[in-house]
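This report refers to the structure that appears directly beneath it.
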Amino acid sequence: MNNNPIGIFDSGIGGLTVANAIRQVMPNESIVYFGDTAHLPYGDKSPELIINYSKSISDFLLTKRCKIIVIACNTASAHAYEAVKKHLSHKIEVIDVINPVVEYVAKNYSNKKVGIIGTKGTIQSNVYEKKLSQLNANIQTTSLATGLFASMIEEGFINNAVSKAVIKEYFSIPGFRDIDALILGCTHYPLIKDEINDFFEDSVEVIDTAGIVAQYLKNKLIELNLNTSQTKPSEEFYISDSTPYFEKVAGAFFKGTIQLQMASIW
Ligand code: DGL
(Lines give C-alpha, C1' and ligand atoms only; values in the text may rest on other atoms or scores of the structure.)
Protein backbone atom coordinates (compact mmCIF):
# COMPACT_ATOMS: atom_id res chain seq x y z
CA MET A 1 0.00 0.00 0.00
CA ASN A 2 1.16 3.52 -0.77
CA ASN A 3 -0.75 6.74 -0.10
CA ASN A 4 1.40 9.03 -2.22
CA PRO A 5 -0.32 10.70 -5.17
CA ILE A 6 -0.56 9.61 -8.79
CA GLY A 7 1.24 12.15 -11.01
CA ILE A 8 -0.54 13.00 -14.27
CA PHE A 9 0.59 15.37 -16.99
CA ASP A 10 -0.48 16.73 -20.36
CA SER A 11 0.30 19.68 -22.62
CA GLY A 12 -2.67 21.46 -21.09
CA ILE A 13 -6.22 20.56 -20.19
CA GLY A 14 -6.85 17.48 -22.36
CA GLY A 15 -5.27 15.14 -19.81
CA LEU A 16 -7.97 16.15 -17.36
CA THR A 17 -10.23 13.63 -19.15
CA VAL A 18 -7.78 10.94 -18.02
CA ALA A 19 -7.57 12.44 -14.50
CA ASN A 20 -11.36 12.37 -14.42
CA ALA A 21 -11.50 8.69 -15.40
CA ILE A 22 -8.84 7.89 -12.77
CA ARG A 23 -10.90 9.71 -10.17
CA GLN A 24 -13.96 7.63 -11.10
CA VAL A 25 -12.16 4.28 -11.15
CA MET A 26 -10.05 4.98 -8.01
CA PRO A 27 -11.88 7.58 -5.88
CA ASN A 28 -9.50 7.19 -2.92
CA GLU A 29 -6.28 7.89 -4.79
CA SER A 30 -4.68 11.34 -4.47
CA ILE A 31 -3.64 13.03 -7.68
CA VAL A 32 -1.21 15.73 -8.75
CA TYR A 33 -1.94 17.06 -12.23
CA PHE A 34 0.37 19.20 -14.32
CA GLY A 35 -0.82 20.96 -17.49
CA ASP A 36 1.97 22.52 -19.52
CA THR A 37 -0.12 25.49 -20.62
CA ALA A 38 3.02 27.55 -21.32
CA HIS A 39 3.98 25.20 -24.14
CA LEU A 40 0.73 23.89 -25.60
CA PRO A 41 -0.10 22.65 -28.15
CA TYR A 42 2.31 19.72 -28.24
CA GLY A 43 0.70 18.39 -31.43
CA ASP A 44 2.80 20.58 -33.72
CA LYS A 45 6.08 20.52 -31.74
CA SER A 46 9.22 18.53 -32.53
CA PRO A 47 9.84 15.24 -30.66
CA GLU A 48 13.02 16.74 -29.11
CA LEU A 49 11.14 19.62 -27.56
CA ILE A 50 8.38 17.38 -26.24
CA ILE A 51 10.97 15.03 -24.71
CA ASN A 52 12.61 17.98 -22.92
CA TYR A 53 9.31 19.30 -21.59
CA SER A 54 8.22 15.83 -20.48
CA LYS A 55 11.46 15.17 -18.59
CA SER A 56 11.19 18.45 -16.68
CA ILE A 57 7.56 17.82 -15.80
CA SER A 58 8.41 14.31 -14.58
CA ASP A 59 11.10 15.79 -12.32
CA PHE A 60 8.51 18.21 -10.94
CA LEU A 61 6.09 15.35 -10.24
CA LEU A 62 8.84 13.49 -8.42
CA THR A 63 9.29 16.49 -6.11
CA LYS A 64 5.58 16.09 -5.30
CA ARG A 65 6.39 12.52 -4.15
CA CYS A 66 4.27 10.89 -6.84
CA LYS A 67 4.33 7.09 -6.73
CA ILE A 68 3.66 6.62 -10.44
CA ILE A 69 3.52 8.94 -13.46
CA VAL A 70 0.82 8.90 -16.11
CA ILE A 71 1.62 10.65 -19.40
CA ALA A 72 -1.94 11.75 -20.15
CA CYS A 73 -1.12 13.10 -23.59
CA ASN A 74 -0.92 11.01 -26.73
CA THR A 75 1.62 13.26 -28.39
CA ALA A 76 3.97 13.08 -25.38
CA SER A 77 3.30 9.34 -25.10
CA ALA A 78 4.23 8.90 -28.77
CA HIS A 79 7.49 10.85 -28.52
CA ALA A 80 8.63 10.85 -24.90
CA TYR A 81 7.50 7.67 -23.13
CA GLU A 82 10.78 5.79 -23.52
CA ALA A 83 12.85 8.92 -22.83
CA VAL A 84 10.97 9.70 -19.61
CA LYS A 85 11.39 6.14 -18.34
CA LYS A 86 15.12 6.31 -19.05
CA HIS A 87 15.39 9.80 -17.54
CA LEU A 88 13.85 8.59 -14.29
CA SER A 89 16.24 5.60 -14.40
CA HIS A 90 13.22 3.36 -13.90
CA LYS A 91 13.02 4.70 -10.31
CA ILE A 92 9.25 4.87 -10.58
CA GLU A 93 6.76 3.32 -12.96
CA VAL A 94 5.60 5.41 -15.91
CA ILE A 95 2.34 4.72 -17.76
CA ASP A 96 1.43 6.20 -21.12
CA VAL A 97 -1.96 6.49 -22.80
CA ILE A 98 -1.08 4.51 -25.93
CA ASN A 99 0.10 1.07 -24.76
CA PRO A 100 -2.99 0.27 -22.63
CA VAL A 101 -5.27 1.15 -25.56
CA VAL A 102 -3.18 -0.83 -28.06
CA GLU A 103 -3.33 -3.89 -25.76
CA TYR A 104 -7.10 -3.55 -25.46
CA VAL A 105 -7.64 -3.12 -29.21
CA ALA A 106 -5.24 -5.97 -30.10
CA LYS A 107 -7.23 -8.27 -27.83
CA ASN A 108 -10.71 -7.26 -28.91
CA TYR A 109 -10.65 -6.25 -32.58
CA SER A 110 -9.14 -9.14 -34.52
CA ASN A 111 -10.15 -9.09 -38.20
CA LYS A 112 -11.69 -5.63 -37.81
CA LYS A 113 -10.84 -2.27 -39.29
CA VAL A 114 -9.85 0.34 -36.72
CA GLY A 115 -9.60 4.09 -37.35
CA ILE A 116 -7.10 6.21 -35.42
CA ILE A 117 -7.30 9.98 -35.01
CA GLY A 118 -4.94 12.32 -33.17
CA THR A 119 -2.67 15.32 -33.45
CA LYS A 120 -0.24 15.65 -36.34
CA GLY A 121 2.60 14.56 -34.04
CA THR A 122 0.85 11.39 -32.91
CA ILE A 123 -0.39 10.38 -36.36
CA GLN A 124 2.94 11.11 -38.09
CA SER A 125 4.74 8.93 -35.54
CA ASN A 126 2.63 5.93 -36.65
CA VAL A 127 2.96 4.69 -33.09
CA TYR A 128 -0.51 3.10 -32.90
CA GLU A 129 -0.08 1.18 -36.17
CA LYS A 130 3.42 -0.04 -35.24
CA LYS A 131 2.44 -1.26 -31.79
CA LEU A 132 -0.84 -2.77 -32.97
CA SER A 133 0.79 -4.74 -35.78
CA GLN A 134 3.33 -6.13 -33.27
CA LEU A 135 0.54 -7.49 -31.09
CA ASN A 136 -2.00 -8.51 -33.72
CA ALA A 137 -1.30 -8.67 -37.44
CA ASN A 138 -5.00 -9.25 -38.20
CA ILE A 139 -6.19 -5.73 -37.55
CA GLN A 140 -6.54 -3.31 -40.43
CA THR A 141 -5.93 0.35 -39.58
CA THR A 142 -6.51 3.74 -41.12
CA SER A 143 -5.40 6.99 -39.53
CA LEU A 144 -6.00 10.69 -39.84
CA ALA A 145 -4.49 13.77 -38.21
CA THR A 146 -7.42 15.81 -36.94
CA GLY A 147 -5.43 18.83 -35.83
CA LEU A 148 -8.40 21.16 -35.63
CA PHE A 149 -10.30 19.11 -33.05
CA ALA A 150 -8.20 20.08 -29.99
CA SER A 151 -8.43 23.82 -30.60
CA MET A 152 -12.09 23.50 -31.59
CA ILE A 153 -12.83 21.78 -28.28
CA GLU A 154 -10.79 24.31 -26.30
CA GLU A 155 -12.75 27.09 -27.99
CA GLY A 156 -15.91 25.47 -26.66
CA PHE A 157 -17.17 24.44 -30.09
CA ILE A 158 -18.85 21.28 -28.84
CA ASN A 159 -22.30 20.10 -29.85
CA ASN A 160 -22.88 22.95 -32.24
CA ALA A 161 -22.92 23.65 -35.97
CA VAL A 162 -19.15 24.22 -36.11
CA SER A 163 -18.20 20.94 -34.42
CA LYS A 164 -20.71 19.01 -36.52
CA ALA A 165 -19.32 20.48 -39.74
CA VAL A 166 -15.70 19.78 -38.77
CA ILE A 167 -16.49 16.19 -37.73
CA LYS A 168 -18.35 15.62 -40.99
CA GLU A 169 -15.51 17.05 -43.06
CA TYR A 170 -12.80 14.99 -41.38
CA PHE A 171 -14.68 11.68 -41.44
CA SER A 172 -15.94 11.97 -44.99
CA ILE A 173 -12.69 10.64 -46.43
CA PRO A 174 -13.14 7.20 -48.02
CA GLY A 175 -10.79 5.33 -45.61
CA PHE A 176 -13.11 5.97 -42.68
CA ARG A 177 -16.36 4.84 -44.29
CA ASP A 178 -16.07 1.20 -43.30
CA ILE A 179 -14.30 1.29 -39.93
CA ASP A 180 -15.60 -0.93 -37.11
CA ALA A 181 -13.99 0.99 -34.24
CA LEU A 182 -12.28 4.31 -33.64
CA ILE A 183 -9.38 5.15 -31.32
CA LEU A 184 -9.58 8.69 -29.96
CA GLY A 185 -5.81 9.24 -29.97
CA CYS A 186 -5.87 12.60 -28.22
CA THR A 187 -6.96 13.22 -24.67
CA HIS A 188 -9.15 16.16 -25.71
CA TYR A 189 -11.39 14.03 -27.86
CA PRO A 190 -13.61 12.33 -25.23
CA LEU A 191 -15.48 15.66 -25.15
CA ILE A 192 -16.77 15.06 -28.69
CA LYS A 193 -17.25 11.29 -28.34
CA ASP A 194 -21.05 11.54 -28.41
CA GLU A 195 -21.01 13.73 -31.50
CA ILE A 196 -18.70 11.31 -33.29
CA ASN A 197 -21.07 8.50 -32.30
CA ASP A 198 -23.94 10.47 -33.77
CA PHE A 199 -22.04 11.06 -36.99
CA PHE A 200 -21.43 7.32 -37.43
CA GLU A 201 -25.03 6.64 -36.29
CA ASP A 202 -23.66 4.33 -33.59
CA SER A 203 -22.33 1.90 -36.22
CA VAL A 204 -18.73 2.41 -35.06
CA GLU A 205 -17.46 1.63 -31.58
CA VAL A 206 -15.78 4.79 -30.34
CA ILE A 207 -13.28 3.40 -27.85
CA ASP A 208 -13.29 4.86 -24.33
CA THR A 209 -9.55 5.48 -24.17
CA ALA A 210 -9.56 7.37 -20.85
CA GLY A 211 -11.51 4.58 -19.14
CA ILE A 212 -9.13 1.92 -20.50
CA VAL A 213 -6.08 3.83 -19.21
CA ALA A 214 -7.67 4.31 -15.77
CA GLN A 215 -8.48 0.59 -15.48
CA TYR A 216 -4.97 -0.34 -16.64
CA LEU A 217 -3.51 2.00 -14.01
CA LYS A 218 -5.68 0.46 -11.30
CA ASN A 219 -4.46 -3.05 -12.17
CA LYS A 220 -0.86 -1.81 -12.27
CA LEU A 221 -1.10 -0.19 -8.82
CA ILE A 222 -2.55 -3.39 -7.36
CA GLU A 223 0.12 -5.50 -9.07
CA LEU A 224 2.89 -3.29 -7.62
CA ASN A 225 1.17 -3.05 -4.25
CA LEU A 226 1.03 0.72 -4.69
CA ASN A 227 -2.71 1.16 -4.26
CA THR A 228 -3.89 3.42 -1.46
CA SER A 229 -5.38 2.59 1.92
CA GLN A 230 -6.51 6.18 2.58
CA THR A 231 -10.08 7.46 2.52
CA LYS A 232 -9.41 11.20 2.28
CA PRO A 233 -7.61 11.77 -1.03
CA SER A 234 -6.19 15.13 -2.13
CA GLU A 235 -6.11 16.77 -5.55
CA GLU A 236 -3.59 19.32 -6.77
CA PHE A 237 -3.66 20.94 -10.20
CA TYR A 238 -0.65 22.83 -11.53
CA ILE A 239 -0.16 24.77 -14.74
CA SER A 240 2.94 26.39 -16.22
CA ASP A 241 1.16 29.52 -17.41
CA SER A 242 -1.95 30.94 -15.84
CA THR A 243 -4.83 32.22 -17.90
CA PRO A 244 -8.43 32.84 -16.85
CA TYR A 245 -9.38 30.98 -20.00
CA PHE A 246 -7.77 27.76 -18.80
CA GLU A 247 -9.69 28.03 -15.51
CA LYS A 248 -12.93 28.52 -17.42
CA VAL A 249 -12.64 25.50 -19.70
CA ALA A 250 -11.01 23.10 -17.22
CA GLY A 251 -14.44 22.43 -15.72
CA ALA A 252 -15.65 20.79 -18.94
CA PHE A 253 -12.85 18.22 -18.74
CA PHE A 254 -12.89 17.34 -15.04
CA LYS A 255 -16.01 16.97 -12.94
CA GLY A 256 -15.33 18.62 -9.61
CA THR A 257 -13.72 21.71 -8.21
CA ILE A 258 -10.40 22.60 -9.74
CA GLN A 259 -8.11 25.03 -7.98
CA LEU A 260 -5.25 25.85 -10.31
CA GLN A 261 -1.80 26.69 -8.99
CA MET A 262 1.12 28.08 -10.93
CA ALA A 263 4.28 26.01 -10.97
CA SER A 264 7.37 27.73 -12.33
CA ILE A 265 9.44 24.81 -13.44
CA TRP A 266 11.23 26.58 -16.30
N1 DGL B 1 -3.97 16.36 -25.45
C2 DGL B 1 -2.90 16.20 -26.39
C3 DGL B 1 -2.82 14.75 -26.86
O4 DGL B 1 -3.41 13.85 -26.28
C5 DGL B 1 -3.03 17.05 -27.62
C6 DGL B 1 -3.12 18.53 -27.47
C7 DGL B 1 -1.89 19.26 -27.93
O8 DGL B 1 -1.62 19.32 -29.15
O9 DGL B 1 -1.20 19.77 -27.06
O10 DGL B 1 -2.14 14.46 -27.83
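Only one residue in Lys55, Lys45 is basic (Lys, Arg), at pLDDT 95 or above and more than 15 Å from Thr119 (Cβ to Cβ), so which one is that?
Lys55
Conditions tested, residue by residue: (1) crowded, with 19+ Cβ neighbours inside 10 Å; (2) within 16 Å of the ligand (Cβ to nearest atom); (3) farther than 20 Å from Val97 by Cβ.
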site	(1), (2), (3)
Ile183	yes, yes, no
Tyr189	yes, yes, no
Val206	yes, yes, no
Glu223	no, no, no
Thr257	no, no, yes
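From the list Gly175, Gly156, which residue is at positive phi and surrounded by fewer than 17 Cβ atoms within 10 Å (Cβ to Cβ)? If you could, list the steps in order and put the result at the bottom.
Numbers: Gly175 fails: at positive phi.
Answer to the check: Gly156.
Can you list the helices (runs of 4 or more DSSP H) found entirely within the range 190-264 that contain at least 1 residues being at pLDDT 95 or above?
Qualifying helices (runs of 4 or more DSSP H): 193-199, 209-223.
Scan the range 86-106 for residues that are without any contact (Cβ under 8 Å) to a residue 12 or more places away in the chain and either crowded, with 23+ Cβ neighbours inside 10 Å or farther than 19 Å from Arg65 by Cβ (or both) and report the count.
1
Might you check whether a residue that is over 29 Å from Leu221 (Cβ atoms), part of a loop (DSSP other than H, G, I, E, B), touching a residue at least 40 places away in the same chain (Cβ under 8 Å) and touching a Phe, Trp or Tyr at 6+ places or on another chain (Cβ under 9 Å) occurs anywhere in the range 150-163?
Looking through the range 150-163, none of the residues is over 29 Å from Leu221 (Cβ atoms), part of a loop (DSSP other than H, G, I, E, B), touching a residue at least 40 places away in the same chain (Cβ under 8 Å) and touching a Phe, Trp or Tyr at 6+ places or on another chain (Cβ under 9 Å).
Using the structure shown, decide if Ile57 is within 16 Å of the ligand (Cβ to nearest atom) and more than 11 Å from the chain's Cα centre (by Cα).
Criteria met by Ile57.
Can you go through Lys107, Lys45 and tell me which one is of a type outside the set (Phe, Trp, Tyr) and within 12 Å of the ligand (Cβ to nearest atom)? Lay out the reasoning, then the answer.
On the way: Lys107 fails: within 12 Å of the ligand (Cβ to nearest atom).
Only one candidate qualifies: Lys45.
Could you please tell me which pairs satisfy a Cβ distance under 7 Å, a separation of 6+ or placement on different chains, a first residue in the range 117-137 that is in contact (Cβ under 8 Å) with a residue 40 or more places away in the chain and within 17 Å of Tyr104 (Cα to Cα), and a second residue that is part of a helix (DSSP H, G or I) and more than 12 Å from the ligand (Cβ to nearest atom)?
Note: pairs meeting the criteria are Tyr128/Val102.
Report, by residue number, each residue of the range 171-189 that is assigned to a helix (DSSP H, G or I), in contact (Cβ under 8 Å) with a residue 12 or more places away in the chain and not hydroxyl-bearing (Ser, Thr, Tyr). Steps first, please.
Here is the first cut: in the range 171-189, the ones assigned to a helix (DSSP H, G or I) are 171, 174-176, 189.
This time we only want the ones that are in contact (Cβ under 8 Å) with a residue 12 or more places away in the chain, so: 171, 175-176, 189.
Across the range 171-189, the qualifying residues are Phe171, Gly175, Phe176.
The values are calculated or read from the model by the stated rules, or taken from the named source; none is laboratory data. Note that the structure is a prediction, hence the values are computed from the model and not measured. All Cβ positions, even for glycine, are placed from backbone atoms using ideal geometry, and neighbour counts span all protein chains on display.
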